[in-house]
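Once you've had a glance at the structure underneath, I'll fire off some questions.
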Amino acid sequence: MERSEFKKKVVDYAHSIGIDQIGFTHAEPFTEFREKLIDYHRRGYASGFEKGSVDERTEPRLSLGSARSIISIAVGYPNRLPDAPKSRKGERRGMFARASWGVDYHTLLNRRLARLEDYIKSLDPSIECRSMVDTGVLSDREVARRSGLGYIGKNGFVINPELGTYSYLGEMITSYPFPPDEELIDSCGDCNLCVDRCPTGALVGNGQLDSKKCISFLTQTKGFLPDEYRGKIGNRLYGCDTCQQVCPRNKGINTDHHADIVLEPEILKPELTGLLEISNKDFKEIYGHLAGVWRGKKPIQRNAIIALAHFREESAVDTLKRVAENDPRPVIKGTAYWAIGRILGDRALDYISERYKMETDEAVRDEMLKGVQEVA
């Protein structure tokens, strides 16, 4: 079978199993990306969540010795939430970023890649394959760019003409020499909206990101959130969509045809106080299928507390007091005390003063003082 015919069969099958876009590239090293990656680390922009060394991230044959080509896939996801519940006084709600809507995208993409691999091997059993989704060492975005699925925007996302930036990306390294696709030559031009609107100034231009300033990264950390960012995350429980929401290339795009991406408004925009005392079992049952809870319950609860402080939600104070007094985790306890101070202001002084005598953890005590001092 001719390589072009083989490729067409793979493309047609990919589309039949819910892969919106598919592209192909060679398996030679990502030389230009290597230099960007070295500079990224040199500037201290890395989040620490990245997998693999610079060599592993830029040399496909370190992942599959027989590699001759790479297949990149994109599955679009929705960015509008029908019937979303309103966030009202007395019932404030948080928000999961759009990439976390529906089943965990790792599961969704790995299922498609597994079916694609089975199909390829049914055509030629000798072909070797290795698939990756996000947690692999290769850069999903760089593979997609070189495979012609889009160009890298100033917000760091792959911008595809049909999907915009709202797509999940994955790739498969193969030992078969698929004919490569041409790269998409495009740019953001003079548009700088994403850079200008980034709440923390994390976007530094030319698609570069200072990950440690990025709200998406910050919402996934487990320690106390740095003071300078607490007023920036608003009601975000996981992730941040600002740089995608303002992108003109996303105008009119809403990919909502995938049956396995089920939107659950009450879960994706949950009532905040209900998250604070939820059991591990209930949390896992209700939210465990979301990509946004991969770090567990603690970051979500911390972010929910900060969101209640953002709203100055007085109806949550009794719950926050129970959490502050009874939760054994210093980050949750301390953040709850801080939030009480932020919400009540001077009215929290007597309560904080009394509880300060009982708390022994220095980090918690610092948060207690910080909460009332910030509104003094």
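The values are calculated or read from the model by the stated rules, or taken from the named source; none is laboratory data. In this text the structure is predicted, and so the values were computed from the model without any measurement. When we count neighbours, we look across all protein chains shown, and the Cβ atoms used for this are built from the backbone with ideal geometry, even at glycine.
Which of the helices (runs of 4 or more DSSP H) found entirely inside the stretch 118-223 contain at least 3 residues meeting this: out of contact with any His (no Cβ under 6 Å at 6 or more places or on another chain) and farther than 30 Å from Glu5 by Cβ?
Here the list reads 193-197, 215-218.
A further question on this structure: Can you spot a residue in the stretch 63-70 that is β-branched (Val, Ile, Thr), touching a residue at least 60 places away in the same chain (Cβ under 8 Å), part of a strand (DSSP E or B) and touching a Leu at 6+ places or on another chain (Cβ under 9 Å)?
Among the residues of the stretch 63-70, at least one is β-branched (Val, Ile, Thr), touching a residue at least 60 places away in the same chain (Cβ under 8 Å), part of a strand (DSSP E or B) and touching a Leu at 6+ places or on another chain (Cβ under 9 Å), which makes the answer yes.
Would you be able to say whether some residue in the stretch 5-28 is within 19 Å of Phe217 (Cβ to Cβ), in a strand (DSSP E or B) and outside the structural domain of Val293 (by TED's automatic domain parsing)?
no
Could you pull out the residue among Glu142, Glu162 that is more than 29 Å from Leu218 (Cα to Cα) and either aliphatic (A, V, I, L, M) or at pLDDT 95 or above (or both)?
The conditions single out Glu162.
Residue-by-condition table, conditions (1) farther than 25 Å from Thr107 by Cα; (2) in contact with an Asp or Glu (Cβ under 9 Å, 6 or more places away or on another chain); (3) basic (Lys, Arg):
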{"position": "Lys154", "(1), (2), (3)": "yes, no, yes"}
{"position": "Leu163", "(1), (2), (3)": "no, yes, no"}
{"position": "Gly170", "(1), (2), (3)": "no, yes, no"}
{"position": "Ile173", "(1), (2), (3)": "no, yes, no"}
{"position": "Pro179", "(1), (2), (3)": "yes, no, no"}
{"position": "Glu183", "(1), (2), (3)": "yes, no, no"}
{"position": "Asn192", "(1), (2), (3)": "yes, no, no"}
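If a residue has to be at pLDDT below 95 and touching a Lys or Arg at 6+ places or on another chain (Cβ under 7 Å) to count, how many in the stretch 99-136 make the cut?
2
May I pose another question? Would you mention how many residues in the stretch 68-85 are surrounded by 16 or more Cβ atoms within 10 Å (Cβ to Cβ) and within 21 Å of the chain's Cα centre (by Cα)?
Total satisfying the criteria: 9.
When you check Gly65 against the structure, is it assigned by TED's automatic domain parsing to the domain that holds Val137, surrounded by fewer than 13 Cβ atoms within 10 Å (Cβ to Cβ), of a type in the set (Gly, Ala, Ser) and more than 30 Å from Lys222 (Cβ to Cβ), yes or no?
yes
Would you call Thr165 touching a helix residue (DSSP H, G or I) at 6+ places or on another chain (Cβ under 9 Å), of a type in the set (S, T, N, Q) and surrounded by fewer than 17 Cβ atoms within 10 Å (Cβ to Cβ)?
The answer is no for Thr165.
Assuming Leu113 fulfils every condition listed in (1) touching a strand residue (DSSP E or B) at 6+ places or on another chain (Cβ under 8 Å); (2) hydrophobic (A, V, I, L, M, F, W, C); (3) touching a residue at least 60 places away in the same chain (Cβ under 8 Å) apart from one, which condition is it?
The number of the failed condition is (3).
Sticking with this structure for a sec: Examine the stretch 86-93 for a residue that is surrounded by 15 or more Cβ atoms within 10 Å (Cβ to Cβ), under 23 Å from the mean Cα position of the chain (by Cα) and charged (D, E, K, R), and state whether such a residue exists.
yes
From the set of residues in the stretch 1-30 that are over 14 Å from Pro180 (Cα atoms) and β-branched (Val, Ile, Thr), which is surrounded by the most Cβ atoms within 10 Å (Cβ to Cβ)?
Ile19
Right, something else. Which pairs turn up if I take residues in the stretch 352-370 that are modelled with pLDDT of 95 or more and look for partners that are in a loop (DSSP other than H, G, I, E, B) and not basic (Lys, Arg) with beta carbon separation below 6 Å, at least 6 apart in sequence or on another chain?
Arg365/Glu359
For every residue, the table says whether it meets (1) crowded, with 22+ Cβ neighbours inside 10 Å; (2) part of a helix (DSSP H, G or I).
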| position | (1), (2) |
| --- | --- |
| Ala339 | yes, yes |
| Ile343 | yes, yes |
| Tyr351 | no, yes |
| Glu354 | no, yes |
| Met358 | no, no |
